[in-house]
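Have a look at the structure below, then the notes.
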Amino acid sequence: SETVERHEFGAEVGRLLDLVVHALYSEREIFLRELVANAADAVDRRRFEALTDPALTLPEAPKLRILPDKEARTLTISDAGIGMGKADLVEHLGTIARSGTLAFAKSLAEAPAADKPSLIGQFGVGFYSAFMVADRVEVTSRRAGTEEAWLWASEGRGDYTLAPAERAEAGTDIVLHMKGDAEEFLEPFRLQTIIRKWADHIAIPITVARDGQDEPANEGTALWRKAKSDVTEEQYAEFYRHVAHAFDTPWATLHWRAEGMLDFAALLFVPGMKPFQAVEGERESRVRLHVRRMFITEEAGLLPPWLRFVHGVVDTEDLPLNVSREMLQATPVLARIRKAVTGRVLSELKARAKEPEDYAKFWENFGPVLKEGIFEDAEHRKDIAVLLRFRSSAVEGWTSLADYVSRMKEGQEAIYVLSGDDAAALAASPQLEGFRAKSVEVLLLSDHIDAFWPDRLTEFEGKPVRSVTQGTVDLSKVAGGEAAGEAADVTALLALLKEALKDQVSEVRATGRLVDSAVVLAAPQYGPDLQMQRLLRRAGR
Ligand code: ADP
Ligand code: MG
């Protein structure tokens, strides 16, 4: 009819659709997980918005219904969530809003065929995964608080249509017209198995219709409220994948309950892989805050930015259900929870650091993020310092500050570090000559953040941390090794050099820290070190 509007997909959508449909063929049952997760999110969002707008209040017992119809060859997923208006349908189902999804599409397209499966493993693929099993998808949705409903429909090629529709209540129906080779997903038993496997942790009741009856398909209890002994590894892992939008297995699972001064349950995860969406992007922690099981927000900053790689849920009894955003900012309860949760994560890391091989996996993924804490969090600086690991001029593999201190030479006054872009190049730097000659170990720092934090860690076990490029490093008190330089009187030469270099340097002086090289650039004792100066220059400062 003339009320039907035809829209082109955003350019990236077409490409993503193609990739998802073809590359994910062997794992296509995950379409159900994606659609169920979206429906559960929509119910959470409605519940949250209803706190400030009672007109949006959910119906009692908001079920998430799955309705297979063998005769019509359709599968319907129906929710009473927040729903989508016309503009929402265009924005959310017609374009790719999430930058991560776009990055996924790009890297998937560029990856060699053999790498595609593992790449796919790193992403949730969202709504478009419906086209793996359906050759036509119809979405009828009515935004909570509005009267009108809209029908979005597409065959997953270049375009979709929008038309006015009817829906008695707010919420969304997704109707999949199944492909000929996807009829297995019309079997109630098969659907129940998939739900149990992928979505058992979803805290809203999910039902699958069989012979006209809605049969429960999940437990519908919040995983984090259960006793540890009642949760399997696989259930934890599946929940982690859900909250973190990940596909790997967590490196650490922390599940505990605090009672007394504070009353909360927490279930947190440290990922086993570095997420594709670089940890450098967003800085805020996205740990989800629930109040008495009800999802409130993932923007409560429950962990400091330098622990933002941790995912999971904190569910507290100490806030009222109708907590507002303003209240979240002001309440001392959150600050106390944050402190407790941060402390617990740190002690877990400390315990796991006792197994160096295992800890190295974590460190290589998230070490650079953790170092930001040394820079910006004075309160936790000491706790973080013991978790740091380094490459070193003296030993293979990773080493800690404590190990370094235990190897310090007699008369050595400081912990020496050298930072630059690349650990291998650093190991060959002339800046190390004098240190090598005296067998003084130097830590080699090659992460970006390394230009910034050593200044802030003024000491470790009473030893100052010094950049070898900074000022007059004095190794004369260190016993042994060949005595380097400084024997000849070079006063006249120094004066000549100073004259020749003029304003390009602030000082020219003799040093005891070179053996084979004639000159080396040094930074002033109290200014930024050389790597820092390089970074500032690159940034145009
Ligand atoms: P993601 O869930 O990661 O945002 P999806 O592709 O799965 O990505 O979904 C895209 C968007 O479409 C969602 O963020 C949401 O805004 C909207 N959406 C999808 N399904 C529903 C639904 N059942 N109810 C309301 N909104 C939905
Ligand atoms: Mg989704």
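Assorted remarks:
- Leading residue by the ranking (surrounded by the most Cβ atoms within 10 Å (Cβ to Cβ)) among those in the stretch 35-57 that are within 12 Å of ligand 2 (Cβ to nearest atom) and small (Gly, Ala, Ser): Ala39
- Contacts under 7 angstrom Cβ, first residue in the stretch 26-42 being more than 13 Å from Leu176 (Cα to Cα) and in a helix (DSSP H, G or I), partner within 8 Å of ligand 2 (Cβ to nearest atom) and not charged (D, E, K, R), 6 or more apart: Glu34/Gly124; Glu34/Gly126; Glu34/Phe127; Asn38/Phe127
- Residue-level check: of (1) out of contact with any Leu (no Cβ under 7 Å at 6 or more places or on another chain); (2) within 16 Å of ligand 2 (Cβ to nearest atom), Glu60 misses just (2).
- Criterion violated by Arg389 - all others in (1) within 28 Å of the chain's Cα centre (by Cα); (2) farther than 18 Å from Lys463 by Cβ satisfied: (2)
- Check on Ile120, crowded, with 19+ Cβ neighbours inside 10 Å, modelled with pLDDT of 95 or more and of a type in the set (Val, Ile, Thr): no
- Every condition in (1) over 27 Å from Ala335 (Cβ atoms); (2) surrounded by fewer than 17 Cβ atoms within 10 Å (Cβ to Cβ); (3) without any contact (Cβ under 8 Å) to a residue 24 or more places away in the chain holds for Arg257 except the one numbered (1).
- Val90 vs. criteria within 15 Å of ligand 2 (Cβ to nearest atom) and of a type in the set (Val, Ile, Thr): no
- Strands (runs of 3 or more DSSP E) enclosed by the stretch 131-217 - at least 2 residues per element that are at pLDDT 95 or above and among the β-branched types (Val, Ile, Thr): 134-142, 171-178, 206-210
- If you go through the stretch 23-56 and keep only what is acidic (Asp, Glu), within 25 Å of the chain's Cα centre (by Cα) and away from ligand 1 (no atom under 11 Å from the Cβ), you end up with just Glu27.
- Residue list for the stretch 316-346, filter: polar (S, T, N, Q) and over 24 Å from Pro275 (Cβ atoms): Thr316, Asn322, Ser324, Gln329, Thr331
- Within the stretch 417-432, considering residues that are assigned to a helix (DSSP H, G or I), among the aliphatic types (A, V, I, L, M) and touching a Leu at 6+ places or on another chain (Cβ under 8 Å), the one nearest to Leu388 (Cα to Cα): Ala423
- The stretch 278-324, residues that are of a type in the set (Gly, Ala, Ser) and modelled with pLDDT of 90 or more: Ser285, Ala300, Gly301, Gly312
- Among the criteria (1) part of a helix (DSSP H, G or I); (2) surrounded by fewer than 18 Cβ atoms within 10 Å (Cβ to Cβ); (3) within 16 Å of ligand 1 (Cβ to nearest atom), the one His7 does not fulfil is (1).
- Any hit, the stretch 57-76, residues being within 10 Å of ligand 1 (Cβ to nearest atom) and outside any helix (DSSP H, G or I): yes
- Residue among Val468, Val473 that alone is surrounded by 12 or more Cβ atoms within 10 Å (Cβ to Cβ), modelled with pLDDT of 85 or more and either of a type in the set (Phe, Trp, Tyr) or under 19 Å from Ser429 (Cα atoms) (or both): Val468
- The single condition among (1) part of a loop (DSSP other than H, G, I, E, B); (2) modelled with pLDDT of 80 or more; (3) touching a helix residue (DSSP H, G or I) at 6+ places or on another chain (Cβ under 8 Å) that Arg513 does not satisfy is (2).
- Residue identified as under 20 Å from Glu376 (Cβ atoms) and outside any helix (DSSP H, G or I) among Leu346, Leu321, Leu302: Leu302
- The stretch 229-253 residues that are of a type in the set (Asp, Glu), paired with ones that are surrounded by fewer than 17 Cβ atoms within 10 Å (Cβ to Cβ) and assigned to a helix (DSSP H, G or I) (beta carbon under 8 Å, 6 or more apart): Glu238/Lys197
- Test: Asp79 is at pLDDT 85 or above, in contact with a Gly (Cβ under 8 Å, 6 or more places away or on another chain) and more than 13 Å from ligand 1 (Cβ to nearest atom): no
- Pairs meeting the criteria (first residue in the stretch 498-509 and among the hydroxyl-bearing types (Ser, Thr, Tyr), second residue surrounded by 10 or more Cβ atoms within 10 Å (Cβ to Cβ), beta carbons under 6 Å, at least 6 apart or on different chains) are lacking.
The values are calculated or read from the model by the stated rules, or taken from the named source; none is laboratory data. Remember, predicted model here, so these are calculated numbers, not experimental data. Counting neighbours? That spans all protein chains shown, and the Cβs are built from the backbone with ideal geometry, glycine included.
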